[in-house]
Amino acid sequence: MPGPFPDPTETDHAAPEWLAALRSRGSQALASSAMPASTSEDWKYVDLDFALDDFRPAAEAPQELGTDEYLDVVDEASGVLCLVDGHVVRAHGDGVEVAGVGDLPNGDVVSRYGSAASPDIDIFSAANHALAPPGGVVVFPAGRVVGSPVVVDVQSVAPGAVSFPHVTVIGRPGSEGRVVVVYRSAPGADLLLCPIIEVLADRGARLAVSVVQRIDDSARMVAHHQFVADRDATVRIDEIGLGGRYSRQRLGISLAGMGSSAKVGGIYFGDRRQVLDYRIYVTHSGPRTTSDILLKGAVADQAEAVWTGLMRIENPAVGTSAFETNRNLVLSDGAKVHSVPNLEILTDDLQCGHGSSSGPPDEEQLYYLMSRGLPRDRAERLLVRGFFDEILSKLAVPQLATPSRTAVAAKFAGAQRRGVS
């Protein structure tokens, strides 16, 4: 087993049977895992400047971070789940079950915890399964529409530590609910965050999950987000990526049930020397399933963005409709974008398409705005805002748009002051 980590099989004597089994599977995967290399297709275009064993395991949860503008704008919440360095420190819900999984009796919720994201994906997923403390669960009750979102506040605090948050969201049959996940970290702390978020939408459920990644630029994150949709279920994912020295999000979507659907919309903005890394895997295995993916990003200074998407349409998925699109603004000569959409089609009854583009702001649009009296820097800021507003104006939780616009404007204004070309 790599690193200074304890062997879970030697320390789990007091753990409940379900947790010991989960850690055993993770421990087996971790023992045979190695740090990924850019020669692997799943890690292409990225040369990691760290190893998992560069970080010590996070100890008991330290003091929570202070307030956050993204949390403040959600003024009414139906529940709050807070994890600090992987440990559940607060959990309460109103009409929604929000709890630490370690506080629940054995039952179907416990049995589904850890069921969607495989420990075999990579060393980081294996380590989470093997070493994570008991995480949290959010369960929307069957047949009920929950109007206010549940807030999941994922904090990483201890400098030099690696933490393994784990959250499972379940939408019972016919339920409807929204979840806001905010990733943040202590200012200036060099740390590693390796979360797993699982979202399981039962038959006819409608779940929307908004992910805000605003960790400090000294921190790194390797996240695994896994969505599974049963028959006639709908999952929606909104992504806002702003922080991190290196931030990777691996999004897996399984449209397993007939008539299930997924819609993904997101923005990301990298500046200075950030690397923002997005890998999206959508599997259509049920008939008449639908997916629609649109991510828009911008990079300035010496920042780098990676986006790869793979849509697999399996043979039973007749009548499928699947589209994926990635658009990028390259705002400086030193910035880089790698955008690679892929399709794997095993049936012939479908509608499918993909596309990507990367380049500087449109000079004709800039000329038009400048001809109306705007200086070039203001015209560029207006174009960048408009570029992202296609996504931000349609968020499942509209309150998240204002702090996102503010953050993007601040990052771009800073890049302009430093010189974006």
Selected residue (criterion: least open to solvent (accessible area, probe 1.4 Å)) from residues of the stretch 130-142 that are under 19 Å from His224 (Cα atoms) and out of contact with any Ser or Thr (no Cβ under 8 Å at 6 or more places or on another chain): Ala132
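For (1) open to solvent by less than 10 Å² (accessible area, probe 1.4 Å); (2) among the hydrophobic types (A, V, I, L, M, F, W, C); (3) assigned to a loop (DSSP other than H, G, I, E, B), each residue gets a yes or a no:
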| residue | (1), (2), (3) |
| --- | --- |
| Ser33 | no, no, yes |
| Pro36 | no, no, yes |
| Asp42 | no, no, no |
| Tyr70 | yes, no, no |
| Gly102 | no, no, no |
Which of (1) modelled with pLDDT under 90; (2) among the charged types (D, E, K, R); (3) open to solvent by less than 50 Å² (accessible area, probe 1.4 Å) does Asp362 not meet, given it meets every other one? (3)
Every residue in the stretch 219-250 that is over 24 Å from Arg203 (Cα atoms), out of contact with any Ser or Thr (no Cβ under 6 Å at 6 or more places or on another chain) and of a type in the set (A, V, I, L, M), please. Val222, Ala223, Leu242
Do we find a residue being open to solvent by less than 10 Å² (accessible area, probe 1.4 Å), in contact (Cβ under 8 Å) with a residue 40 or more places away in the chain and in a loop (DSSP other than H, G, I, E, B) anywhere in the stretch 302-315? no
In the stretch 366-416, residues that are open to solvent by 40 Å² or more (accessible area, probe 1.4 Å), at pLDDT 90 or above and not in a helix (DSSP H, G or I) total 2
Kindly provide the set of residues from the stretch 230-245 that are without any contact (Cβ under 8 Å) to a residue 60 or more places away in the chain and part of a strand (DSSP E or B), ordered by number. Thr234, Val235, Ile237, Glu239, Gly241
Residue check: is Asp49 surrounded by 13 or more Cβ atoms within 10 Å (Cβ to Cβ) and in contact (Cβ under 8 Å) with a residue 40 or more places away in the chain? no
Considering Val167, Val182, Val145, Val151, which residue is aliphatic (A, V, I, L, M), surrounded by fewer than 24 Cβ atoms within 10 Å (Cβ to Cβ) and more than 28 Å from Arg23 (Cα to Cα)? Val145
So which pairs qualify, if the first residue must be in the stretch 346-366 and over 22 Å from Thr325 (Cβ atoms), the second must be charged (D, E, K, R) and open to solvent by 90 Å² or more (accessible area, probe 1.4 Å), the Cβ gap must be under 9 Å, and the two must be at least 6 apart or on different chains? Leu366/Arg376
Just to be sure, is Gly114 assigned to a loop (DSSP other than H, G, I, E, B) and touching a His at 6+ places or on another chain (Cβ under 9 Å)? yes
Residue within the stretch 54-61 that is in contact with a helix residue (DSSP H, G or I) (Cβ under 8 Å, 6 or more places away or on another chain) and at pLDDT below 95 present: yes
Out of all the residues in the stretch 161-204, which are assigned to a strand (DSSP E or B) and of a type in the set (Asp, Glu)? Glu176, Glu198
Just to verify a result, which residue in the stretch 250-277, among those that are open to solvent by less than 10 Å² (accessible area, probe 1.4 Å) and closer than 11 Å to Val306 by Cβ, is farthest from the chain's Cα centre (by Cα)? Gly270
Identify, from the list Ser332, Ser321, the residue that is open to solvent by less than 50 Å² (accessible area, probe 1.4 Å), touching a Cys at 6+ places or on another chain (Cβ under 9 Å) and among the polar types (S, T, N, Q). Ser321
Pick from the stretch 118-129 the residues that are assigned to a loop (DSSP other than H, G, I, E, B) and touching a strand residue (DSSP E or B) at 6+ places or on another chain (Cβ under 9 Å): which of them is least open to solvent (accessible area, probe 1.4 Å)? Asp122
Take the conditions at positive phi, open to solvent by less than 50 Å² (accessible area, probe 1.4 Å) and in contact with a Leu (Cβ under 6 Å, 6 or more places away or on another chain) and apply them to Gly86. Does it pass? no
Do we find a residue being out of contact with any Ser or Thr (no Cβ under 9 Å at 6 or more places or on another chain) and open to solvent by less than 10 Å² (accessible area, probe 1.4 Å) anywhere in the stretch 188-204? no
For the stretch 335-355, give me each residue that is open to solvent by 50 Å² or more (accessible area, probe 1.4 Å) and either of a type in the set (Gly, Ala, Ser) or not in a strand (DSSP E or B) (or both). Leu346, Asp348, Asp349
Scan the stretch 219-240 residue by residue and report those that are open to solvent by 40 Å² or more (accessible area, probe 1.4 Å) and either in contact with a strand residue (DSSP E or B) (Cβ under 9 Å, 6 or more places away or on another chain) or acidic (Asp, Glu) (or both). Val228, Asp230, Asp232, Arg236
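The values are calculated or read from the model by the stated rules, or taken from the named source; none is laboratory data. Just so we're clear, the structure is a prediction, and the values are computed from it rather than from any experiment. Reconstructed Cβ throughout: ideal geometry from the backbone, glycine too, with neighbour counts over all protein chains shown. The accessibility values were calculated without ligands, DNA or RNA, using every heavy atom of the protein model including side chains. Shrake-Rupley method; radii C 1.70, N 1.55, O 1.52, S 1.80 Å.
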